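Heads up, the thing below is written out as structure tokens.
The values are calculated or read from the model by the stated rules, or taken from the named source; none is laboratory data. Fair warning: this is a prediction, and the values are worked out from it, not measured in the lab. Note: ideal-geometry Cβ built from the backbone for every residue, glycine included; neighbour counts use all protein chains shown. We work out accessible area using only protein heavy atoms, side chains counted, and drop any ligands, DNA or RNA first. Shrake-Rupley method; radii C 1.70, N 1.55, O 1.52, S 1.80 Å.
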Amino acid sequence: MREVAIVAFAQTDHRRSTDDLSEVEMVMPVLHGVLAQTGLKASDIDFTCSGSSDYLAGRAFSFTMTLDGVGAWPPISESHVEMDGAWALYEAWVKLLTGEADTALVYSYGKSSPGVVRDVLTRQLDPYYVAPLWPDSVALAALQAQALIDAGDTGEPALAEIAARSRGAAADNPHAQLRGARPQGGYVVQPLRTGDCPPVGDGAAAVVLAAGDRARELCGRPAWIRGMDHRIEAHSLGVRDLTDSPSARLAAERAGAFERPVDTAELHAPFSSQEVVLRKALDLGDDVRVNPSGGALAANPVMAAGLIRLGEAAARIHRGESDRALAHATSGPCLQQNLVAVLEGEAQ
Amino acid sequence: MSRQGAAGPRGAAGPQGAAGSRSAAHKEPVAVVGIGQTHHVAARHDVSIAGLVREAARRALDDAQLTWSDIDAVVIGKAPDFFEGVMMPELYLADALGAVGKPMMRVHTAGSVGGSTALVASNLVAARVHRTVLTLAFEKQSESNAMWGLSLPVPFQQPLLAGAGGFFAPHVRAYMRRAGAPDTVGSLVAYKDRRNALKNPYAHLHEKDITLEKVQASPMLWDPIRYSETCPSSDGACAMVLTDRAGAARSPQPPAWVHGGAMRSEPTLFAGKDFVSPQAGKDCAADVYRQAGITDPRREIDAVEMYVPFSWYEPMWLENLGFAAEGEGWKLTESGVTELDGDLPVNPSGGVLSTNPIGASGMIRFAEAALQVRGQAGEHQVDGARKALGHAYGGGSQFFSMWLVGSEPPTG
């Protein structure tokens, strides 16, 4: 398999509201940021892929406007997934594996502030039997959290520790929306408290991928993608064991995550309880540094939060703070769909 | 495995883009071994969205004589989620498409999405990430209203002027002026495509009593586009099974081989944009022809499935795709070259003008091209078709995806 690496990563400062910015204005700094890190111009990039959601933007073909920010002239080889940007990165990775491209620009963005994201996400449920009932994302996560508590896998104090650890770690992350000690607060939907839930916010992220020697030219210590896989489960919550994530486990296995231990894991767990599920499914011991960025509990820009996990893991490898990291992204209610990538830096 | 010495000259950022200069010596050949589509109609009240997509997928699997367990991954595409009112419907569709426990991806590149989706699936095989992939695209327009789904007002941005026809009509008029085309050409295309659709049992419009006079007498909607020169709103889905060389060897039916595939995008609105013949379309076609070793598309390609939602786009795309010199496309149409029995049949299936489940329309073009080179297009088969082009475009003519398929495996 061709060697492909993440060679640059940039993200916005994630904020509760970005009324002062259009999506193009929000995305452009991160595009310029990753290109500046590599010295590449838009016209040097062989393939571009983005992830976003029309339902967040409130209009059809919303990604066409942000494409204008890329500077797609002369015309570029380009594609888009209506998914978290982590899957845009996956599509770009496959494109590089074919040998048709040596470099790729991947970006994603989401603005939750113009709407009510809890309501918006209900529209991704089964449209005939479930969506008409408007069960929101926090309520569904609470079902999962209660199932975990009932199974003896966790308890409210343990969830509070996850929340506190995440936001504590985010104190060192200038881009995070919620940083430092925060009260766990009252119940939003029992057993989940304010602290167990992600902040609602707007943000964008971008990475540059490169293959082989091109990656070595562009980055002092590339974060090599040793494997990447994603898997989906049944949609209906009634046919799934919500205390487990077989799709995350299978994706990790296929990505090679279990071949050797990782030192770092960036998990896309918007709710504290989901970290419990993922730690078990991914077999992460206490010696693994989980979410040193603060994770999705510190900043969860929908459609970008998964790509940010890949970017954060890669950036730690770039900086020499990790040698082998696992990065994870999720989509759908209660961890329905999961992507796992294994990133490695060469010996220092 | 790293690629050795195969790259073209670096930084040659000509209009085709740097990727156009690359070769890919290690790519796995990709074969289409299963094709399925639904019967397309205005409203499929008898099935849910899940029922609709499953119908097309089952037909593709049956065609390939494979089962759900033979599929390694699913790549699904459709046009905007607002067309059905379901956000990221692939999540809900995972069960219906046998994707549980497998990778599933959702592509969205506006009207070109059906083609782009097939190309993303094709790359999974070409890169040897997966061996056999199910790809599917759909639209169930009856669940909502596409025209208004496209017309949601956004502050400080140009509205789409009540649907796609209002956006494209001025560009058709620009073409007519530029090419000096007589105003009768559009109706010839519509008349041809609707007659071709009569030979295609899956086509939405079966206008048995169609005449040229009826097309010409139909009401003017967006001058110069008449009612009978526009596409219908359809419910429908299209699916294909793509596989590697070993999978093709086991195929019970002749495979169609992918000889080239490409996507190109350009900005929506900018001063230098040529809406009549966008550069991205030209570059995309040039890249596909380069990959497929086509130097004279007019002679070497036997059938074209072209994305023609408004009749005048046939002569416009004939020029954009290199089948005719600038200003000459309408002459090919007028002289009958693009008829089913002409020497460059365009849209033997009846095309988008006869069937338009928007998100699936591009994949239907790709699939119909593959049917032609497999010799399995039934009554609308082009005799002896060995190379066929599938073409899709989207947005304000800024997204393009195309593939060229052949009856023989690619050489080299």
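Summary of values
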{"quantity": "Filter pass, B:A286 being closer than 22 Å to B:P29 by Cα and more than 11 Å from chain A (Cβ to nearest Cβ)", "calculated": "no"}
{"quantity": "Residues (more than 7 Å from chain B (Cβ to nearest Cβ) and in contact (Cβ under 8 Å) with a residue 60 or more places away in the chain) located in the stretch A:54-64", "calculated": "A:L56"}
{"quantity": "Cβ-Cβ under 9 Å pairs, at least 6 apart or on other chains, the stretch A:149-167 side of a type outside the set (A, V, I, L, M, F, W, C), far side open to solvent by 60 Å² or more (accessible area, probe 1.4 Å) and outside any helix (DSSP H, G or I)", "calculated": "A:E156/A:R193; A:R167/A:R179; A:R167/A:A181; A:R167/A:R182"}
{"quantity": "Only listed residue being in contact with a helix residue (DSSP H, G or I) (Cβ under 8 Å, 6 or more places away or on another chain) and either more than 10 Å from chain A (Cβ to nearest Cβ) or over 15 Å from A:A92 (Cα atoms) (or both), chosen from B:L91, B:L97, B:L124", "calculated": "B:L97"}
{"quantity": "Selection count where residues are under 21 Å from A:W73 (Cβ atoms) and buried (at least 16 other Cβ atoms within 10 Å of the Cβ), scope the stretch A:34-49", "calculated": "11"}
{"quantity": "Top-ranked residue of the stretch B:260-276 - restricted to ones that are touching a Phe, Trp or Tyr at 6+ places or on another chain (Cβ under 8 Å) and more than 19 Å from A:T48 (Cβ to Cβ), ranked as nearest to the other protein chains (Cβ to nearest Cβ)", "calculated": "B:G272"}
{"quantity": "Strands (runs of 3 or more DSSP E) lying entirely in the stretch A:1-101 (those with 3 or more residues that are closer than 18 Å to B:M105 by Cα and modelled with pLDDT of 95 or more)", "calculated": "A:47-51, A:78-81"}
{"quantity": "Within the stretch A:319-340, considering residues that are crowded, with 23+ Cβ neighbours inside 10 Å and more than 13 Å from every other protein chain (Cβ to nearest Cβ), the one farthest from A:V276 (Cα to Cα)", "calculated": "A:S322"}
{"quantity": "Subset of the stretch B:374-395 that is open to solvent by less than 10 Å² (accessible area, probe 1.4 Å) and within 25 Å of A:S77 (Cβ to Cβ) - its residue that is farthest from the other protein chains (Cβ to nearest Cβ)", "calculated": "B:A388"}
{"quantity": "Failed condition for A:A251, given (1) in a helix (DSSP H, G or I); (2) open to solvent by 10 Å² or more (accessible area, probe 1.4 Å)", "calculated": "(2)"}
{"quantity": "Any hit, the stretch B:92-99, residues being part of a helix (DSSP H, G or I) and modelled with pLDDT of 95 or more", "calculated": "yes"}
{"quantity": "Selected residue [surrounded by fewer than 18 Cβ atoms within 10 Å (Cβ to Cβ) and either at negative phi or within 14 Å of another protein chain (Cβ to nearest Cβ) (or both)] from B:D302, B:D343", "calculated": "B:D343"}
{"quantity": "Residue among B:A79, B:A118, B:A174 that alone is more than 10 Å from chain A (Cβ to nearest Cβ), under 23 Å from the mean Cα position of the chain (by Cα) and either part of a helix (DSSP H, G or I) or modelled with pLDDT under 95 (or both)", "calculated": "B:A118"}
{"quantity": "The stretch B:30-43: number of residues that are open to solvent by less than 20 Å² (accessible area, probe 1.4 Å), in a loop (DSSP other than H, G, I, E, B) and either touching a Cys at 6+ places or on another chain (Cβ under 7 Å) or of a type outside the set (S, T, N, Q) (or both)", "calculated": "2"}
{"quantity": "Candidates A:L121, A:L143, A:L125, filtered to the one that is open to solvent by 20 Å² or more (accessible area, probe 1.4 Å), at pLDDT 95 or above and within 15 Å of B:M88 (Cβ to Cβ)", "calculated": "A:L121"}
{"quantity": "Leading residue by the ranking (nearest to the chain's Cα centre (by Cα)) among those in the stretch B:44-65 that are within 18 Å of B:G247 (Cα to Cα) and among the acidic types (D, E)", "calculated": "B:D63"}
{"quantity": "Residue satisfying condition, being crowded, with 23+ Cβ neighbours inside 10 Å, touching a Leu at 6+ places or on another chain (Cβ under 8 Å), at the interface with chain B (Cβ under 10 Å from one of its Cβ atoms) and under 23 Å from A:G39 (Cβ atoms), within set A:E78, A:E100", "calculated": "A:E78"}
{"quantity": "The lone exception for A:P301 - which of (1) open to solvent by less than 10 Å² (accessible area, probe 1.4 Å); (2) in a helix (DSSP H, G or I); (3) out of contact with any Pro (no Cβ under 8 Å at 6 or more places or on another chain) it fails", "calculated": "(2)"}
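Residue-wise test of (1) more than 7 Å from every other protein chain (Cβ to nearest Cβ); (2) out of contact with any Phe, Trp or Tyr (no Cβ under 8 Å at 6 or more places or on another chain).
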residue: A:A36; (1), (2): yes, yes
residue: A:G39; (1), (2): yes, yes
residue: A:T66; (1), (2): yes, no
residue: A:E82; (1), (2): no, yes
residue: A:K95; (1), (2): no, no
